Amino acid sequence: MLKLVGVKIYLSTLEREHCTRLWVDYEYDARALTEPLNIGHSKEKAEAWFNEIQRDQGKKHVRLGIFLPDGTVIGDVALQDIDWRNRSCTIGMGIAKIEHRSKGYGTEAARLMLEYGFNNLGLERISANTLEQNKGAQRVMEKLGFTLEGVERKAVYFAGRRWDRLTYGLLREEYDGRR
Ligand SMILES: CC(C)(COP(=O)(O)OP(=O)(O)OC[C@H]1O[C@@H](n2cnc3c(N)ncnc32)[C@H](O)[C@@H]1OP(=O)(O)O)[C@@H](O)C(=O)NCCC(=O)NCCS
């Protein structure tokens, strides 16, 4: 079992019940519209998600749960779409409940994953995608030293309009230089 320990949170392997908990707890912030509403969350889909995590763990992705010190699972973070040949991947994450957002948990979780990706997996580049209106995610990328590399204009449609998608990147040498 993989466990990465931070200050306010720790990361650990997601078990079946954690996947269900996250899907039950997930709250859509209708005021922020940071991502499309994912209709159809269900226990069956949580089970399928758990199975997918197991199948691809350590191959296509490394996905871990974000846990408070008391063992409560509050989100997940992943190095995904791992390209072993080019030593690159994309980082993605989510905090399920609104009350747990903007408390520094996401930044700490991503920081632990960057350390794991660069130091343990030997990655050379980690990228991240988010939408123009997701100021929280953009702030996390800035805090971690990512560079805004590109804007795909009007790439995503939901909530009645098209939104720009932003791509951020962080290279191993930039990460090493900041440490
Ligand atoms: C995006 C997300 C993963 C970030 O995790 P988090 O734990 O909330 O992030 P942190 O608290 O570490 O950092 C968020 C930063 O953004 C800031 N922020 C949040 N909302 C903001 C807004 N609307 N405008 C400006 N800054 C904002 C916070 O103040 C904080 O910055 P600070 O530490 O300088 O005060 C989380 O908020 C989340 O799951 N959101 C809903 C789903 C989602 O958007 N997933 C990501 C898709 S790319």
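Look at segment 87-101: where a residue is under 14 Å from Arg21 (Cα atoms) and a partner is near the ligand (Cβ under 7 Å from one of its atoms) and not aliphatic (A, V, I, L, M), sitting 6+ places away or on another chain with Cβ atoms under 7 Å, you get Gly94/Gly75; Ile95/Gly75; Ile95/Arg101; Ile95/Tyr105; Ile95/Gly106; Ala96/Gly75. Selection of segment 83-99 for residues being within 15 Å of the ligand (Cβ to nearest atom) and in a loop (DSSP other than H, G, I, E, B) yields Ala96, Lys97. For segment 33-82, filtering for residues that are farther than 30 Å from Arg161 by Cβ, part of a loop (DSSP other than H, G, I, E, B) and either touching a residue at least 12 places away in the same chain (Cβ under 8 Å) or among the small types (Gly, Ala, Ser) (or both) leaves 6. Within segment 121-131, is there a residue that is among the small types (Gly, Ala, Ser), within 30 Å of Gly71 (Cβ to Cβ), under 16 Å from the mean Cα position of the chain (by Cα) and more than 8 Å from the ligand (Cβ to nearest atom)? No: zero hits.
Glu108 falls short of the stated requirement of being in contact (Cβ under 8 Å) with a residue 60 or more places away in the chain, among the acidic types (Asp, Glu), away from the ligand (no atom under 13 Å from the Cβ) and under 20 Å from Leu79 (Cβ atoms).
Each reported figure results from applying straightforward, stated rules to the coordinates on display, with no laboratory input. Quick caveat, the model's predicted, so the values are computed rather than measured. Neighbour counts are summed over all protein chains in view; Cβ atoms, including those assigned to glycine, are modelled from backbone coordinates with ideal geometry.
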